[in-house]
Amino acid sequence: SDDDVEEMDKMNFNKGLSEPDRSVLFVAKKQKGIVVSGDKLIRKWCKQNQIEVHGILWVLDEMESSNILNPKEAIEKLQSLLQINFWLPTNAANELIEKWKKDL
């Protein structure tokens with residue numbers, strides 16, 4: 001709505017955040033939602049504004065914990081991601097894989 005756009009314009013966003021980033025952050029703040037992102041600027045803004053923020057490792061762990069993925073599937077998905085996403089924190093990813101291996 002026009003009111004939302006006006007309210008969003010008044011928010012103190014980092015200059016490096018795109019319009020879509022700002023929209024997601026605005027909605028998350030307004031609806032007290034969770035943001036899923038690995039982007040450093042987005043994560044920083046969320047922490048400064050008390051918005052819960054998580055990355056892909058958290059999503060996969062939640063999916064495994066909720067039995068959406070079984071441990072074997074979770075390991076395969078994460079190993080595939082590690083092959084194409086060089087930004088993932090390798091140590092944390094390997095810790096998750098070891099955790100899931102215990103559930104096999």
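The values are calculated or read from the model by the stated rules, or taken from the named source; none is laboratory data. Computed from a predicted model, the values in this text were never measured in an experiment. Counting neighbours? That spans all protein chains shown, and the Cβs are built from the backbone with ideal geometry, glycine included. The protein model used for the area step is the full one, side chains on, heavy atoms only, and it has no ligands, DNA or RNA in it. Shrake-Rupley method; radii C 1.70, N 1.55, O 1.52, S 1.80 Å.
If you go through the range 68-78 one residue at a time, how many are assigned to a helix (DSSP H, G or I) and in contact with a helix residue (DSSP H, G or I) (Cβ under 7 Å, 6 or more places away or on another chain)?
So the count comes out to 5.
Could you look through the range 55-94, keep only residues that are open to solvent by less than 50 Å² (accessible area, probe 1.4 Å) and in contact with an Asp or Glu (Cβ under 8 Å, 6 or more places away or on another chain), and pick out the one that is nearest to Ile34 (Cα to Cα)?
Glu64
Does Leu25 meet the test of being within 25 Å of Lys102 (Cβ to Cβ) and outside any loop (DSSP other than H, G, I, E, B)?
Spelling it out, it is not the case that Leu25 is within 25 Å of Lys102 (Cβ to Cβ) and outside any loop (DSSP other than H, G, I, E, B).
List the residue pairs whose Cβ atoms are under 8 Å apart, where the first residue sits in the range 1-18 and is without any contact (Cβ under 8 Å) to a residue 60 or more places away in the chain, the second is of a type in the set (Val, Ile, Thr) and surrounded by 12 or more Cβ atoms within 10 Å (Cβ to Cβ), and the two are 6 or more positions apart or on different chains.
Leu17/Ile42
Here is a check on your reading of the model: is Leu82 in contact (Cβ under 8 Å) with a residue 24 or more places away in the chain and either in contact with a Cys (Cβ under 8 Å, 6 or more places away or on another chain) or in a helix (DSSP H, G or I) (or both)?
Here the answer is no, as Leu82 does not meet what is asked.
Specify which of the listed residues (Val59, Val36, Val53, Val27) is β-branched (Val, Ile, Thr) and closer than 15 Å to Met11 by Cα.
Being β-branched (Val, Ile, Thr) and closer than 15 Å to Met11 by Cα holds for just one of Val59, Val36, Val53, Val27, which is Val27.
Just to verify a result, which residue in the range 2-53, among those that are open to solvent by less than 70 Å² (accessible area, probe 1.4 Å) and basic (Lys, Arg), is nearest to Pro89 (Cα to Cα)?
Arg43
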